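Where a number appears in this text, it was derived from the coordinates with a stated rule and is not lab data. What you see is a predicted model; the values in this text were computed from it and never measured. Reconstructed Cβ throughout: ideal geometry from the backbone, glycine too, with neighbour counts over all protein chains shown.
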Amino acid sequence: MVLGKVKSFFVSYDCLNDSNVPVFASGDSVSGRVIIEVTGEIRVKSLNIHAKGLAKVRWTESRNAGSNTAYTQNYTEEVEYLNHRDILIGHERDDENPEEGLTILHTGRHEYPFSFELPQTALATSFEGKHGSVRYWVKAELHRPWLLPMKVKKEFTVFEHIDINTPLLLSPQAGTKDKTLCCWFCTSGPISLSAKIERRGYTPGESIQIFAEIENCSSRVVVPKAAIYQTQTFYAKGKVKEIKQLIANLRGDPLPSGKTDTWNGKMLKIPPVSPSILDCSIIRVEYSLMVYVDIPRAINLSLSLPLVIGTIPLHPFGSRTSSVSSQCSMATSWLGMALPERPEAPPSYSECISREQRPSLDLTAARDELEGPMFAYIQEFRFQPPPLYSVIDPNPEPACWSEERRPDTCPSR
C-alpha cells in the first residue's frame with residue numbers, strides 16, 4: 001500500500017475587519033481553521049492546537065571577573081497572557097499504541113475549525129522591540145503513527161485599546177523653560193521657551209498642533225525645533241534597558257539675537273507607530289514631544305511634553321457620548337475651537353411672531369426688543385486663545401557652565 005502525502009498544512013483566521021488582517025482585543029473570540037490538503041489516504045493519530053500569548057525580554061551584558069577572565073550575563077523575563085489547548089482530531093498521543101484510534105483522511109482538502117476566547121483581563125499590545133517582544137500565535141500539530149509530527153504556527157495581532165476620549169488624555173500639556181548662557185565672567189541674555197499642545201492623547205496619522213513662543217535675548221543665532229520620540233523600556237532581574245529613538249521631527253527658522261518667534265499651531269504628523277504599552281510589567285512603550293532650541297556651542301534648551309498613542313481616535317465633538325461629555329470639563333479654549341468662528345444669526349421677527357399676532361404689535365418695538373439684545377450679545381461674545389501655562393522646572397540647570405563643558409567666546413568689552 002502506498003501511503004498518501006500531506007500537500008499543504010496551515011492555519012487560517014476568520015478576520016473581523018475589512019483589511020483581512022487578524023486583529024483582536026481582550027475578550028474577543030478568536031476563530032479560524034486548520035487546513036490539511038492530502039494526496040492519497042493518510043492515517044492521523046491526532047490534530048491539536050496550542051494558542052499562546054507571551055511577553056518576553058532578553059539581552060546580554062559582558063562582565064569582567066578579573067584581569068584575565070570575562071563572562072556574559074543573560075537577562076531574561078517572561079509574562080504569559082494566553083495559554084489554550086484544544087484537540088481537533090483524535091486524542092492525546094499514546095506512543096505505546098501508535099496504531100490505536102486512528103483517523104483516515106482521504107484525498108482532498110480538509111478543514112477543522114477552532115475557536116477560543118481571549119482573557120477579559122488587560123492584554124499587552126503586540127510589539128516587536130530590540131530587546132523584547134509581545135507575541136500571540138496559534139500552533140497546530142499533526143501527529144501520525146511512525147512519523148515525526150508536523151507543526152505549523154501563525155501569529156495574530158492583539159491591540160489593548162486606548163481610548164483617547166478621556167479627560168486625562170484630552171487635557172492640554174504645556175511648559176516653560178529658560179536658560180542664560182555664560183562664559184567665564186561674561187554673560188549674555190536669556191533664551192526662553194514656552195510650548196503647549198491641545199491634548200495628551202493622539203492616534204497614528206494625526207497631526208499635533210504645536211503652540212510655542214521662543215525669545216532669544218542671547219548673542220547667538222538659535223534654531224527652534226520639535227521632535228517625537230519613542231522610548232522602549234525593558235525590565236529583567238532588577239535591571240533596566242532603555243532604547244530611545246526619533247520617529248518624527250520638524251525645524252523652524254533660525255532666530256537671530258534679540259528676536260522672538262511664535263508658532264501658532266505648527267503641525268507635526270505622527271507616523272504609523274505601535275500604540276503605547278503602559279500595563280505590561282516587563283515592557284513599556286512611551287512617547288513624548290520634545291520642543292527645543294538648538295543653541296550652537298551649548299546644550300540645547302528643551303521641553304518635554306508626554307504623549308499617549310492610542311487606538312480609538314478622537315470623536316467629533318457633537319457625537320461624543322454623554323458620559324465622556326459630562327466627565328470632561330472643557331475650558332473656554334476647547335469650546336472656542338469646537339464652535340464655529342461666527343455664531344449663527346438669531347431668528348427673524350417673522351419666525352418668532354405668528355401671523356395672527358402681528359396686527360396687535362408694534363413691529364418696530366418688537367423687533368428692537370427681540371433682536372437688539374441678541375445682536376449685542378453676539379458682538380460682545382468672543383473666544384480668546386488660551387494663554388500658555390507656566391510650569392516651574394523642579395531641576396533648573398545651572399546658570400553658568402565651565403569652560404570644559406561649554407566652549408564659548410566672550411563679547412569684547
Debye, to nearest 20: dipole size of region 5-158, +1 on Lys, Arg Cβ, -1 on Asp, Glu Cβ: 540 debye
Residues whose placed amide H lies under 5 Å from that of His110, excluding near-sequence neighbours: Ile36, Glu37, Val38
Rounded to whole Å, sorted largest first: equivalent-ellipsoid semi-axes of region 156-304, Cα gyration tensor: 33, 19, 12
Where trypsin sites (Lys or Arg not before Pro) fall in DSSP loop in region 161-257, at most 13 other Cβ within 10 Å: Lys237
Calculated Rg and Dmax of region 188-251 using C-alpha coordinates, Å: 16.7, 50
Shape of region 5-158, Cα gyration tensor, a/c cut at 1.5: oblate
